[in-house]
Each structure stands twice: as C-alpha cells, then as structure tokens.
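**Q** Pasting in a structure now, in structure tokens, and then I'll have a few things to ask.
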Amino acid sequence: MAIADFNGDTKPDLALSNGLSPGNTSILLGNGDGTFQTATNIPIGVAPTGIIAKDISGDGKQDLVVSTFSSDIIILKNLSTPGTLAFADKIILPAAQRLNSAAVADLDGDGRPEIIAVTEDAPNIMVFWNISLNGVIAFAPPINIPTGRMPCVPPS
C-alpha cells in the first residue's frame with residue numbers, strides 16, 4: 001500500500017496492489033475525514049507484489065511504481081490535475097526475473113530516483129538507473145548486483 005496525494009487536492013489517498021486476481025492497482029481518493037471514495041482500478045497484469053508512490057518524472061506529482069511476480073516493473077505516470085485522477089498508460093520495465101518487491105531511492109544524487117528490484121529466485125538485486133529528462137520517464141537497462149540467496153526488502 002502507498003499513501004500520497006495523487007490528485008492534488010491536499011488530501012491523502014491510498015494506492016493498493018491487488019495480488020493474483022484481478023491483478024490491478026486500486027486508487028482510493030481520500031475525502032479528508034478518514035473516509036475514501038470508491039476505488040478506481042487500473043489493470044497491471046499478473047500478480048502485483050508491491051507498490052510505491054514516488055515522483056519518478058520530476059514534475060512534483062506522485063507516480064506509482066508496481067513490482068510484479070511476472071517479471072516486470074510497472075510505472076504509472078501521474079497526469080492528475082487538482083481534484084481529477086489520471087494516470088498515463090503503464091510503462092513496463094522488463095526484469096526477466098520474478099520479482100519479490102522493489103524500493104525507490106536516488107542512489108547517485110542526481111535528483112532522479114532509481115528503482116531497485118528484489119528478485120525471487122536469483123541471488124541478486126536489479127538496479128534500474130533513472131535517465132528521465134523533461135518529464136519523460138526513461139530508465140537504463142537494469143544492472144544485476146550479486147547478493148545472498150533470496151534477498152528481500154522489508155516493508156517501509
């Protein structure tokens with residue numbers, strides 16, 4: 001689950017990844033009083049395993065990063081305007097390995113957060129270096145970094 005203001009109304013919203021079935025992400029817009037509106041569902045594909053809210057494109061809006069057990073990282077660029085929820089078509093970063101979870105952080109200090117994916121079967125993590133420019137999301141092919149067997153990222 002990720003909590004952020006996705007539609008620019010200053011109220012906290014929820015984003016959930018919905019496992020094996022139906023394989024989507026649900027966004028619940030907050031009413032500001034602890035209650036939420038009916039979910040808006042965005043198809044992701046097979047088995048989302050985690051979700052992170054982070055400004056990936058540098059436009060100040062919270063984008064979504066979804067790890068999947070089907071070997072992909074999915075990025076949903078936030079196109080929302082105040083009071084209206086909208087995301088671009090999903091961007092797929094193929095990982096070629098089943099993923100357990102992911103984390104997002106600026107590893108090289110350039111102001112653009114990288115995606116770190118934890119693999120299910122291989123003793124490594126994958127780092128996708130963020131090369132986004134002018135609001136266009138782009139990542140270099142992943143780099144594999146050896147670790148111990150079955151690494152994991154604890155929930156934040």
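**Q** If Lys and Arg each add +1 and Asp and Glu each add -1, what is the summed charge of the other residues whose beta carbon sits under 12 Å from the beta carbon of LYS11?
**A** Taking every Cβ under 12 Å from that of LYS11, the sum is -4.
**Q** How much area per residue is accessible in the chain when the probe is 1.4 Å and only protein heavy atoms are counted (Å²)?
**A** 49 Å²
**Q** At a 1.4 Å probe, what is the % contribution of carbon and sulfur to the accessible area of the chain?
**A** It is 59 percent, rounded to a whole number.
**Q** So if each residue of separation counts as 0.36 nm, and I subtract the Cα-Cα distance between THR147 and ASN41, what length gain in nm does that give?
**A** 34.6 nm
**Q** Given contacts defined as C-alpha pairs under 8 Å and at least six residues apart, what's the relative contact order of the chain, whole-number percent?
**A** Dividing the mean separation by the residue count of the chain yields 15 percent.
**Q** Determine by what factor the alpha-carbon radius of gyration of segment 16-111 differs from 2.2 N^0.38 Å, reporting the quotient.
**A** In units of the 2.2 N^0.38 Å rule of thumb, it is 1.11.
**Q** What shape does segment 12-62 have by the C-alpha gyration tensor, where a ≥ b ≥ c are the square roots of the eigenvalues, rounded means a/c under 1.5, and otherwise prolate means a/b greater than b/c and oblate the rest?
**A** The shape class here is oblate.
**Q** Using r as the Cβ-Cβ distance of THR81 and ILE3, and R0 as 25 Å, what FRET efficiency do you calculate, to the nearest 0.05?
**A** 0.80
**Q** Follow-up. Could you tell me the relative contact order of segment 1-52? Use alpha-carbon pairs under 8 Å, at least six residues apart, and round to a whole percent.
**A** 34 percent
**Q** Can you compute the label reach from GLU120? Point 7 Å from Cα along the Cβ direction, backbone N cut-off under 13 Å, restricted to segment 41-62.
**A** In segment 41-62, the label zone of GLU120 (backbone N under 13 Å from the point 7 Å along Cα→Cβ) covers 46-50.
**Q** Then there's this: For ALA88 and ASP33, calculate 0.36 nm times their separation in residues minus their Cα-Cα distance, and state this gained length in nm to one decimal.
**A** Using 0.36 nm per residue and subtracting the Cα-Cα distance, I get 17.0 nm.
The values are calculated or read from the model by the stated rules, or taken from the named source; none is laboratory data. Note that the structure is predicted; figures quoted are calculated from it, not measured. Neighbour counts are summed over all protein chains in view; Cβ atoms, including those assigned to glycine, are modelled from backbone coordinates with ideal geometry. Accessible surface areas use protein heavy atoms only, side chains included; no ligands, DNA or RNA. Shrake-Rupley method; radii C 1.70, N 1.55, O 1.52, S 1.80 Å.
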